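The values are calculated or read from the model by the stated rules, or taken from the named source; none is laboratory data. The structure displayed is predicted, hence computed values, not measured ones. Cβ placement follows ideal geometry from the backbone for every residue including glycine, while neighbour counts extend to all protein chains displayed. Protein only, heavy atoms only, side chains kept; ligands, DNA and RNA dropped before computing areas. Shrake-Rupley method; radii C 1.70, N 1.55, O 1.52, S 1.80 Å.
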Amino acid sequence: MTFVDDVREAVRAIPAGSVASYGDVGRRVGIGPRQVGRAMSLLDETVPWWRVVYADGTPPSCHGGRAPDLLNAEATPMRGARVDMARARHRWTP
């Protein structure tokens, strides 16, 4: 399994209405947040990419800026234009 596969698996485990930061995903799979970003760029549309946000809750701007609409459709807790990380952060079980 490659780090891209590990990222894919971790992101697919984030439930609707929850998010993880690039750093959260990186800690989960043992790589840095920039590597997570690289892996995310290689994944297809079947992976819920909009559930991976910046550490401050800012949604990604890729995919034509659709992330805020997708997050809102899943009733993800927001604070203005950012995800409320205290309420929405996903924590994987060990």
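3J(HN,Hα) couplings calculated from phi for the stretch 42-52 with the Karplus curve 6.51 cos²θ - 1.76 cosθ + 1.60 (θ = phi - 60°) are, in sequence order, 9, 8, 8, 5, 6, 9, x, 4, 5, 7, 10 Hz; Gly and Pro show x.
In the context of the full protein assembly, VAL29 retains an accessible surface of approximately 40 Å², using a probe radius of 1.4 Å and ignoring ligands and nucleic acids.
Note on SER61 and THR46: their simple-model spin labels are 3.1 nm apart, each label 7 Å out from Cα toward Cβ. Under the rule a/c < 1.5 gives rounded, and otherwise a/b versus b/c splits prolate from oblate, where does the stretch 32-80 land using the Cα gyration tensor? Oblate shape, in that a/c is at least 1.5 and b/c is the bigger or equal ratio. Here each label is just a point 7 Å from Cα along the line to Cβ, and for ARG38 and LEU70 those points are 2.2 nm apart. In this simple spin-label approximation, ALA86 and THR2 carry label points 7 Å from Cα along the Cα→Cβ vector, and these lie 4.0 nm apart. Taking all protein chains as shown and a probe of 1.4 angstrom, GLU74 keeps an accessible surface of around 40 Å². Think of the chain as a dipole: +1 on every Lys or Arg Cβ, -1 on every Asp or Glu Cβ, centred on the Cα centre; then among GLY23, ALA67, PHE3, GLY23 lies furthest on the positive end.
Would you please calculate the Kirkwood hydrodynamic radius of the chain over all C-alpha pairs and express it in Å, rounded to one decimal? Over the chain, the inverse of the mean reciprocal pair distance is 13.0 Å. So what is log10(I(q)/I(0)) for the stretch 1-48 at q = 0.13, 0.27 1/Å, when the Debye sum runs over its Cα atoms only? Each listed q corresponds, in turn, to -0.23, -1.04.
When you restrict to C-alpha pairs under 8 Å that are six or more residues apart and normalise by the size of the chain, the relative contact order lands at 33 percent. Under 5 Å from the amide H of VAL83 lie the amide H atoms of THR58, each residue being 5 or more positions distant or on a separate chain, with H modelled from the backbone and absent for Pro and chain starts. Probing with 1.4 Å while keeping every protein chain in the model, the per residue accessible area of the stretch 26-88 equals 58 Å². For SER21, the amide hydrogen comes within under 5 Å of the amide hydrogens of VAL53, counting only partners 5 or more places away or on other chains and with H modelled in the peptide plane.
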